[in-house]
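Values quoted throughout were computed directly from the atomic coordinates according to the rules given, and no laboratory measurement underlies them. These numbers were taken from a predicted model, which means no experiment stands behind them. Backbone-built Cβ (ideal geometry, glycine too); neighbour counts: all protein chains shown.
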């Protein structure tokens, strides 16, 4: 079933000589499939096809694009068990996770299809003419969002479905009207090929233009650089490390024509534990956080890597319970030996810093690639002095910062880099007296959570998955939820344009029955 | 009235030793005022004050911010004739232009005040909890737009009011909730100081925090670099040359924490003249375009610098009439001897290229700094071969590209850099057979105009003033109209947050009575 080839549009090609293989972290062995890296000619061809496809795809109606997205969801489901098995074999994730992530991915595709079917997302804005205005007449002006052009998507390591080949970046770009070229993540190329085959089948069944989607194999540096520097590429989506994301941002910014890159990168997701909450519910929060820290072997962008609390009896009690809770959770398999090694090295690096002690670590037996969940501790003063302690350790890890007082806690927050999320664990009677903490936290994050855990990113309109740099490269956009489409569109204004030549969204009769802003009022009416 | 000092917040300071003077291009002499460049300490102080101000200003209500913007409009008007005289003395523009541009500037401030008073611009989006959802409950999530932080605005040369000290960038950033630091344009520092004094007065009268606005004097490179690289600055607005704008984009992209720059840069605004339109209305279009090319001494971002047409009798007739019309329009005074020199050098450079001929030039007597309006001509083949012919000549200049056929015309359009505007001059009976031209043009521009002139940028919700690079640095935003506010805001999500701690915009009762998206439906209702 796996061919090991690139999809250049609908054609499977493998003219190159360099090969890649994937790894089964559960069995701790290389997988059997041989994948061929895309050649420069194949890369060129994929981009040229995407650019050709754009000329027609940008004019496809919302209904047509919705059919395409729904068909992708159907074709992914039609791959059935084979796809789930491939996913588990290349990621080490358990079957339940595979099913859950597939459900999420299909839900995302359908959410964008619903958005397209409804149609108002283009933000049609109309100001009608005022012929007799003094000193000069006002011309008729109508604006709507239009797609940017071919978009390159870099699949993530940790979400082989939901943030990869047919994940949120691809779904949102296709919804916008942009052809997509995926750089398949090297840890799960087989899974990527199967998902790509579903997208290609869906494109053919719904009569999409050739080149609307391609799937390329290659190492990040060579293939990634070629794609991001290509003059016909107009935008980039990325999920991964700060180093990788920043390199792409730099490349894109240095182009003769700079292009936008939306990179969702590192985050340690601070959690503030207030004293009354710990006093009243130490067991509940210890259990919840042991679960959140270890979920998916800690390989979530929203993993709570930083716990912040005021020192005292309540905190001591909580850390004991956290230690006990961590001990009961069997570590999960990590994605790859390299990630497992980085995890262990990351912890070792932090443990050797001044003032760091261990408060929890899974002590049972672990098999290869199963990282032992670990929580360390340091005081606020040391944390403020030492930038090493601010680094993300990808995996089931968290560090507790024990603060002397609220002022120190606020200073710690204000010195943090940008974060995807910030969480407050609080009782109702204490939150009012800690408003400074909320203000400081809001400044540094994209999503604020009250009495919950940051893991679990709901796909809905009000989700913001992004945040101040380096959580994401542009805090003005989200990677999750239907608003993710706004990364790939630009407005165009039509002045004094004949009605029958306008896009349907802007015509007087409002044939698509969408909500529009007409003369500063939201309305469904025709003009 | 002019002190020559910097506004560091509300304080006038001039601790430095470097000075600048402005120039009266009409009299062709230096103006008397002496302006002192901001020192590094003063720059630091302005940014620190802006950052302090942000902590409170970001939480000001829309009503409070609207009062501030309306007060700025009032204080600008209160400066009366003195301000208009200063403007003319430092720009060479006639009094009518000064009045018109002041009206536009005040209109912009009031438009943002209206937007704030109405309040729905924050795009409040709410998804309520579903406690019994399977397999996991859905948490309550609420999202709205929040300000980025201190913004630096670079005033433009050609709009001392509307795109400078209190222009669209400043008005939109203040509306967003961001403190503003203006780098005053060196050609009209006195005008800038007077407008800054109005902003400071308005801030004091409406109880804005100290540091919400500062106005700094300096040369672009030193002062500009210090501001854009400052870690507390979170965004940049710029109107000017490609070279200047790109330098700021590069600086911002290279920061440890990259920040967004919205730069509105060069554009030659192509105009396609279709044959039937020229046949039927050659005189009308010749008169209209002679007026548009020479408006404001050609110093508009939307000046039509490129005319595209098919060769033939109709075109010959049109160019004769354009020549006659240009001859009747007395050239205006340009902003500065350096701009006048660049204009003449730019034309000379183009005239010496292969195949270029002159079809119109003002032949009457001109005084210093009054550029002779000029239209040159070249054929499509030469234009496609020679990048020099694509360069903008800032001033009353246009070049006509005579194309062999429609295919060549479309090729010319598709090879253009990104543009603010593209215009089609057409009769109804011919537009249907030229859809390829519209498609190609739409790909390259931010605003499409039918049977009109690109000069005249309406301030309204449906305006898009921006376009593919290098028309602007990010085609996803506009510099004109209330949507300009979206450059300076980022969304924040609140998950499971107590109602009374939410911003008013997201509270159950909808106390501000704004339009919100609740569970995917637009509504004014409470929850």
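Between copies, the label points at residue B:406 (set 7 angstrom from Cα along Cα-to-Cβ) are spaced 7.2 nm, reported in nanometres from shortest to longest. Debye calculation, C-alpha points only, no solvent: report log10 I(q)/I(0) for segment A:270-450 at q = 0.13, 0.16 Å⁻¹, in the same order as the q values. Scattering profile of segment A:270-450, log10 relative to I(0): -0.61, -0.94.
Here is how the number arises for chain A: DSSP H runs of 4 or more residues each give -39500 (n - 2.57), the sum is divided by the residue count, and the result at 222 nm is -12000 deg cm²/dmol.
Between residue A:428 and residue A:320, the FRET efficiency estimated from the beta carbon spacing at R0 = 41 angstrom works out to 0.95. Treating r as the C-beta distance of residue B:345 and residue A:63 and R0 as 56 Å, the FRET efficiency rounds to 0.55. When chain A is turned onto chain B, the axis of that turn runs closest to one Cβ of chain A, and that residue with its distance in whole Å is A:253, 2. Sorted from nearest, the other copies put their residue B:81 label points 9.2 nm away, the label point being 7 Å from Cα in the direction of Cβ. For chain A, the relative contact order is 17 percent, taking Cα pairs closer than 8 Å that sit 6 or more residues apart in sequence and dividing their mean separation by the residue count.
Measuring r between the beta carbons of residue A:44 and residue B:520 and using R0 = 35 Å, the FRET efficiency lands at 0.25.
In segment A:328-418, the alpha-carbon atoms span a convex hull of 107 Å³ per residue. The distance linking segment A:39-110 with segment A:461-519 is 23 Å (Cα centroid to Cα centroid, whole angstrom).
Beta bridges per DSSP, both residues in segment B:270-450: antiparallel share near 20 percent. For segment B:270-450, relative contact order (Cα pairs under 8 Å, six or more residues apart, normalised by length) works out to 27 percent. If you find the alpha carbon centre of segment A:273-351 and of segment A:136-186, how far apart are they in angstrom? Segment A:273-351 and segment A:136-186 have Cα centres spaced 35 Å from each other. Each part reduced to its alpha carbon centroid, segment B:401-443 and segment A:365-428 end up 58 Å apart. Projected onto their three principal axes, the Cα atoms of segment B:254-344 cover extents of 59, 29, 18 Å, largest first. For segment B:1-86, the Stokes-Einstein estimate of translational diffusion at 4 °C and a viscosity of 1.567 mPa s comes to 82 µm²/s, using the Kirkwood hydrodynamic radius over alpha-carbon pairs. Note: relative contact order over segment B:64-211, using C-alpha pairs below 8 Å and six or more positions apart, is 32 percent. Label zone (residue A:279, point 7 Å along Cα-to-C-beta; backbone nitrogen cut-off 12 Å) within segment A:300-339: A:313-315. Helix B:95-118 axis versus longest C-alpha principal axis of chain B: approximately 30°, rounded to the nearest ten. With the convex hull drawn over the C-alpha atoms of the protein assembly as shown, the volume per residue is 161 Å³.
Take the Cα of residue A:74, step 7 Å toward its Cβ, do the same at residue A:29, and the gap between the two points is 3.9 nm.
Approximating the spin labels as points 7 Å out from Cα along Cα→Cβ, the residue A:131-to-residue A:114 distance works out to 4.5 nm. In nanometres and ascending order, the distances from the residue A:204 label point to those of the other copies are 7.5 (point 7 Å from Cα along Cα→Cβ). If both residues of a DSSP beta bridge must be in the protein assembly as shown, then about 40% of such bridges are antiparallel. Here, P(r) means the percent of Cα pairs in each 10 Å bin from 0 to the largest distance; for chain B it is 4, 18, 26, 23, 16, 9, 3, 0, 0. Compute the angle between helix B:220-229 and the longest alpha-carbon principal axis of chain B, please, reported from 0 to 90 degrees and rounded to the nearest 10. For helix B:220-229, the angle is close to 40 degrees. Can you tell me the 0 to 90 degree angle between the C-alpha axis of helix A:313-327 and the longest principal axis of chain A, rounded to 10? That helix lies at roughly 70 degrees to the long axis. Each DSSP beta bridge with both residues in chain B is either parallel or antiparallel, and the antiparallel ones are about 40%. With each label modelled as a point 7 angstrom along the Cα→C-beta vector, the residue B:219-residue A:405 pair spans 5.0 nm.
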